[in-house]
Amino acid sequence: MTAPRRGTVLTVAALATFALLSGQGAAVADGPVVETDGAVRGQAGLTETGREARAPKLPYLCSGKVDYPHSSHTKNYTINVHFDTACKMVAPNVSTEGSLSRSRWCGWEQLKTSKGGKKNTRKLRVVAPKGCKAGTKYRYKGQARFYVSGPQGKGSAHVYNQNDSEIKCTKR
């Protein structure tokens, strides 16, 4: 399979189907909510996969959070989005796969994907930075899949966040 050309509008597709316990996600922003492939807006707990809705929580008590895409505070003319995993106790394997997209007249255009993982950790941050043309304005969306695994089971969450107004590409 060849990689899509730069600038191609992509439809964000789920890599696999993952179950979230009902009520585990919390919306963190007001404004119009646009659901993205069953994702929860803002932050969600990483819950056990492949189980019924009444399954017990994993002992690592991890959550995945996608912040609002924003102009970088460290690099000129760059839009960033952070994907943060935080666990109450050390988890054997934590990983994240996320993407940054912008709204175009024809839909969401995927700009950047990033992924990362750590072993025996409580925290993981993955960043998806993308350079932008000075003065341009777009709405941006970040979305990620968060994973945790170990001897007590596997868990995941699908989370997104987006700007409800345009961001101007500026110098830091």
Leaving ligands, DNA and RNA out of it, report the carbon-plus-sulfur percent of the accessible area of the range 43-172 at a 1.4 Å probe.
-> 49
Can you give the charge dipole size of the range 89-154 about its Cα centre, rounded to the nearest 20 debye, using +1 on the beta carbon of Lys and Arg and -1 on the beta carbon of Asp and Glu?
-> 180
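The values are calculated or read from the model by the stated rules, or taken from the named source; none is laboratory data. Quantities reported herein were computed from a predicted structural model and do not represent experimental measurements. FYI the Cβ positions are ideal-geometry reconstructions off the backbone, even for glycines, and counts take in every protein chain you see. What goes into the accessible areas is simple: the full protein's heavy atoms, side chains included, and nothing from ligands, DNA or RNA. Shrake-Rupley method; radii C 1.70, N 1.55, O 1.52, S 1.80 Å.
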